[in-house]
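Reading through the structure tokens given below for one structure.
The values are calculated or read from the model by the stated rules, or taken from the named source; none is laboratory data. Note that the structure is predicted; figures quoted are calculated from it, not measured. Cβ: placed from backbone, ideal geometry, glycine included. Neighbour counts: every protein chain shown. SASA here: full protein model, heavy atoms, side chains in, ligands and nucleic acids out. Shrake-Rupley method; radii C 1.70, N 1.55, O 1.52, S 1.80 Å.
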There are 2 protein chains.
Amino acid sequence: MLAEMNVKDFLGKTASNDPVPGGGSIAALSASIAAALTEMVANLTIGKKKYVEVEEEMKEIAKVAATCRSKFVEDIDKDSDAFNEVMAAFKLPKETDEEKEKRKEAIQEGTKKASLVPLEVAKDAFKIMEMIEKVVVKGNQNAVTDGAVAAMMARTAVLSALYNVKINLGSIKDEAFVAKVTKEVTAIESKVEKVEKDILSKVVL
Amino acid sequence: MLAEMNVKDFLGKTASNDPVPGGGSIAALSASIAAALTEMVANLTIGKKKYVEVEEEMKEIAKVAATCRSKFVEDIDKDSDAFNEVMAAFKLPKETDEEKEKRKEAIQEGTKKASLVPLEVAKDAFKIMEMIEKVVVKGNQNAVTDGAVAAMMARTAVLSALYNVKINLGSIKDEAFVAKVTKEVTAIESKVEKVEKDILSKVVL
């Protein structure tokens, strides 16, 4: 499991000419960092007298963010696995017509999956921005810059994941699938930068 | 050393109510990811017939990016250490006037350092964007989205680091120091978003 490597080695593996982990896994990592920072701000708010009014809300955020973090950590591998599946499909035998057909189908199926994994990461990372706004506005103001960093990591996770969706869509022949996914991509893409800017505008230093 | 923790545990420690690693260390991590992806695109370009003309340039980029990556990995700890130093200064004895004075000085010195560490990360992360543009434009186009992700991670590293500079500046009494650093912050801040957008505009999917 990639997330069980130490940070240094994980970065070394990213840097190597092995295509995984690549941008898709990094998108998931970025999302998991955003979730972790959100959790941290909530945790630094819980138990503080000054913030007693938001105590319950912060406890809920810490809980949800922890679940998201674990999920994104799994997505780091899920994305690399999906990429490896496509690569494996390309290596299938292509001697007979039947083999050729089977290989083509496997590539198409694999590529669809390789676009759906980052699409889900993008959607989920976009969703946690709501929580990030809450910790920035209502959480411990000593940790407000950590909330700001969370917002930027989430935005980067969303856009990075969407790049990985789009590059895969380019090789998918199923037009209905491409149209449906493109619509979802565009919807998130058109909103994420504004959501980030809105959160950052609420960071008071 | 934080970078020697496994990714999962590092994220768990980030999420905890321990303030380190916080946004500053995450900025350095984000920069090291950007460097790693830059290196990866260069490595996926080297040795490919189609890209023989940029072979030497890519070898140079891979080398420089590797050095930057190692440096940023060290910065993950450097930032947390600087934060811990400030915390330690706050805990110094403050019974006598002499102790009070000494404590105040230690806090000021520590806070200056805690602003200079992320300032350096911001500057260095901004610098690598030049290399990122090169791999996006001239590197293996199969890995162009990895270059796009690198650009966004570098931008996020820069801005995250600058937030950490600014929050520290708020507690520094040395006006000349604050003015000088603020000038540097503003200079980078005013350029980084445009540089990111420029790189992304060169990503052809």
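General remarks:
- Failed item, numbered, when A:A89 is tested on (1) under 19 Å from A:A157 (Cα atoms); (2) open to solvent by less than 30 Å² (accessible area, probe 1.4 Å): (1)
- Hits in the range A:16-61 (condition: surrounded by fewer than 24 Cβ atoms within 10 Å (Cβ to Cβ), small (G, A, S) and in contact with a helix residue (DSSP H, G or I) (Cβ under 7 Å, 6 or more places away or on another chain)): A:S16, A:G22
- Any hit, the range B:141-150, residues being more than 30 Å from A:A150 (Cβ to Cβ), open to solvent by less than 70 Å² (accessible area, probe 1.4 Å), in a helix (DSSP H, G or I) and in contact (Cβ under 8 Å) with a residue 40 or more places away in the chain: yes
- Tally of residues being within 24 Å of B:I76 (Cα to Cα) and open to solvent by 50 Å² or more (accessible area, probe 1.4 Å) across the range B:126-135: 2
- Only one entry of A:K123, A:K100, A:K112, A:K138 meets the criterion of being open to solvent by 70 Å² or more (accessible area, probe 1.4 Å) and under 28 Å from B:D146 (Cα atoms), and that entry is A:K123.
- Filter result for B:T96 (away from chain A (no Cβ under 11 Å), within 24 Å of B:M129 (Cα to Cα) and not small (G, A, S)): no
- Here B:I46, B:I33, B:I107 are screened, and the one residue that is within 12 Å of chain A (Cβ to nearest Cβ) and over 18 Å from B:M152 (Cα atoms) is B:I46.
- The set of residues in the range A:3-26 that are modelled with pLDDT of 95 or more and more than 7 Å from chain B (Cβ to nearest Cβ) comprises A:D9, A:G12, A:K13, A:P21, A:G24, A:S25.
- Taken over the range A:169-205, residues that are over 16 Å from the mean Cα position of the chain (by Cα), of a type in the set (D, E) and closer than 22 Å to B:T156 by Cα amount to 1.
- Some residue of the range A:76-86 being more than 10 Å from chain B (Cβ to nearest Cβ) and aromatic (F, W, Y): yes
- Single unsatisfied condition, B:A154 versus (1) more than 14 Å from every other protein chain (Cβ to nearest Cβ); (2) small (G, A, S); (3) touching a residue at least 40 places away in the same chain (Cβ under 8 Å): (1)
- Qualifying residue in the range B:159-168 (condition: in a helix (DSSP H, G or I), open to solvent by less than 10 Å² (accessible area, probe 1.4 Å), at the interface with chain A (Cβ under 10 Å from one of its Cβ atoms) and among the β-branched types (V, I, T)): yes
- Selection from the range B:123-151 of residues that are within 11 Å of chain A (Cβ to nearest Cβ) and among the β-branched types (V, I, T): B:V144, B:T145, B:V149
- Checking each residue in the range B:179-196 for being within 13 Å of chain A (Cβ to nearest Cβ) and either aliphatic (A, V, I, L, M) or free of Cβ contacts under 8 Å to residues at least 60 places away in the same chain (or both) picks out B:T182, B:V185, B:E189, B:V192, B:E193.
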